[in-house]
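Below is one structure, written out as structure tokens; the observations come after it.
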Amino acid sequence: MFGPVESAAVTLQQDAEARGFLAAWAPVDLPPSVVDRYRAWIADRRQAGMGQLARNVEVRLAPRSRLAWARSVLVLAAPHRFPDPGPPPGGVRIGRVGRIFWMREQDYIQRRVQPHLDELKEICHRLGGRCRDYVEQGPLSFRSYGAGAGLGWIGRNGMLLHPEWGSYMTLAVLLTDFEVEAAPEHPFRCGRCRRCLDRCPTGALLGDGTLDANRCISYWTTQHLDLIPPEVWDGLGSWLFGCDECQEVCPWTPEAERFWEGYEPEPELAHPDLSDFLTLPIHMFAQKYAQSAFERAGRPRMARNALIVLGNTRDSAYLPLIRMGCEDPSPLVRATASWAAVRVGGRQEAERLLRDPEPLVCNEARRALEFS
């Protein structure tokens, strides 16, 4: 027999599972080993330029320091290993995009995930509980809670791995005041496999379930705000936004599947036309990519990334498009274009940028010419 609190927790979990989530409970207090590991990671500055990960560490590692009533976490996982919709016709579609960005973020979260969370919060209240929800980017250690709930284990790629869904999961949590027992720890099932470590082009994976964001392709293409150092370019390869290398090679990665009937990834997000980021006016860019991760990053940063992909081809056929980057209003884009131009044989374009009014652009053009 369950007591009233245990019964309420079971009911809430069952309602979440009925909506298509994987759901499991974890205590709100993280194990000391997790806390120590995160503090050491921050002390080693492995978070790169993501300063938010080093702020409010006490809240991230101990939510009860802010929400004293919290006792447990209902971890919810939704798969996002969507099938590849294939590229639309036309355009320059040579940049790769991480699968999680194949959908419009606000549309996916606000229309597909958040309504379920709102209803689950109402159910929690009717059951006599208090709760608060977070999705993906809240100040919590989502993957650690997923492991603490027994949903999987932290793999060598630093991802939460589920034995059926792999690591392609969008995570959300409900903090509640229900008392729950800690779930049995899921066994570590990576064994001797090192595919993710061997596949990572930049050596960002440290082998202990953590990564060095200073080397991570996803960090550079989605989080870094400024010029991407040329010495990083080769490792980025054709990745335009995000990176799935360590997930694609993982033996636990399942076949592509659909989640929530009627929702499909968008071809224009999975295989974007790189010329959009160098030719579209800002208002047209914002309109076409509204509510997507591309809009969140902004046109200049997407143009920066596109130029790196084009430059990495070493193909002079892309010089006309790179030339447009050399004339872009953004100094960030022009500075990046100087390196891309030199890489595809366009020294003259870089030489013209030596007279640019922005010191950043002049300096990068000079460096690119000297390096070549």
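Every number in this text was worked out from the coordinates using simple rules, so none of it is lab data. Here the structure is a predicted model, which is why all the values come from computation and not from measurement. Note that we place each Cβ from the backbone using ideal geometry, even for glycine, and neighbour counts take in every protein chain shown.
Check each of the chymotrypsin sites (Phe, Trp or Tyr not before Pro) in segment 90-164 and keep only those in coil by DSSP with at most 13 other C-beta atoms within 10 angstrom; list them in order.
none
Whose amide H sits under 5 Å from the amide H of GLY242, counting only residues 5 or more places off or on another chain, with H placed in the peptide plane?
The list, which skips near neighbours in sequence, is GLY98, THR221, THR222.
Order by neighbour count: LYS121, LYS288, fewest other Cβ atoms within 10 Å first, most last.
On the way: LYS121 18, LYS288 15.
Listed from fewest to most nearby Cβ atoms, that is LYS288, LYS121.
Order by neighbour count: VAL28, VAL173, fewest other Cβ atoms within 10 Å first, most last.
Arranged by neighbour count, lowest to highest, VAL28, VAL173 become VAL28, VAL173.
In nm, give the distance between the simple-model label positions of LEU206 and GLU231, each being 7 Å from the Cα along the Cα-to-Cβ direction.
Once both label points are built, they end up 2.0 nm from each other.
If you stretched the chain out fully between GLU327 and ARG111, how much longer would it get, using 0.36 nm times the residue separation minus the C-alpha to C-alpha distance?
73.9 nm
So, with +1 on the Cβ of K and R and -1 on the Cβ of D and E, and no other charges, what is the size of the charge dipole of segment 195-371 about its Cα centre, to the nearest 20 debye?
680 debye
Would you please classify the overall shape of segment 195-371 from the alpha carbon gyration tensor, given that a ≥ b ≥ c denote the square roots of the eigenvalues, rounded means a/c under 1.5, and beyond that prolate means a/b larger than b/c while oblate covers the rest?
Note, shape of segment 195-371 comes out oblate.
Would you mind checking the tilt of helix 359-371 against the longest principal axis of the Cα atoms of the chain, expressed as 0 to 90 degrees and rounded to 10?
70 degrees
What are the ³J(HN,Hα) couplings of segment 301-311, residue after residue, when phi is run through the Karplus curve with 6.51, -1.76, 1.60 and θ = phi - 60°? Round to Hz, x for glycine and proline.
6, 5, 5, 4, 5, 4, 5, 5, 4, 5, x
With +1 on each Lys and Arg Cβ and -1 on each Asp and Glu Cβ, and nothing else charged, work out how big the dipole of segment 201-248 is about its Cα centre, in Debye to the nearest 20. Kindly include the intermediate steps, with their values, before the conclusion.
Working: 1 positive and 8 negative charges, 17 e Å.
The calculated dipole for segment 201-248 is roughly 80 debye.
The list (i) 0.98; (ii) 1.02; (iii) 0.93 gives values of Rg/Rh (Cα atoms, Kirkwood Rh), and only one came from this structure; which label was calculated from it?
Of the listed options (i) 0.98; (ii) 1.02; (iii) 0.93, (ii) comes from this structure.
Once you treat every alpha carbon in segment 259-345 as an equal point and sum by Debye, what is log10 I(q)/I(0) at q = 0.13 Å⁻¹?
-0.43
Most mobile of SER65, SER238, SER338 per a Gaussian network model of the chain (Cα springs, under 10 Å)?
Result for the chain, Cα springs under 10 Å: SER65 fluctuates most.
No other cysteine beta carbon under 4.7 Å away is the test; run it over the chain and list who passes.
So far as the 4.7 Å Cβ criterion goes, CYS190, CYS193, CYS200, CYS216, CYS243, CYS250, CYS326, CYS362 stand without a partner in the chain.
If we count every other residue with Cβ under 15 angstrom of CYS190's Cβ, Lys/Arg +1 and Asp/Glu -1, where does the sum land?
Residues close to CYS190 contribute a combined charge of +4.
Could you state the number of Å between the C-alpha centres of segment 354-372 and segment 216-240?
Comparing the Cα centres of segment 216-240 and segment 354-372, I get a distance of 19 Å.
If each residue's Cβ is checked for other Cβ atoms within 10 Å, how do ARG352, ARG104 rank with the fewest at the top? Don't skip to the answer; put the middle values down first.
On the way: ARG352 16, ARG104 20.
The most exposed by this proxy come first: ARG352, ARG104.
Please compute the net charge surrounding ASP244, taking Lys and Arg as +1 and Asp and Glu as -1 over other residues with Cβ under 9 Å from its Cβ.
Summing Lys/Arg as +1 and Asp/Glu as -1 gives 0.
With +1 on each Lys and Arg Cβ and -1 on each Asp and Glu Cβ, and nothing else charged, work out how big the dipole of segment 120-251 is about its Cα centre, in Debye to the nearest 20.
Dipole size: approximately 260 debye.
Helix-only estimate, please: 222 nm mean residue ellipticity of the chain, summing -39500 (n - 2.57) across DSSP H runs of length 4 or more and dividing by its residues, to the nearest 500.
Dividing the helical sum by the residues of the chain leaves -11000 deg cm²/dmol.
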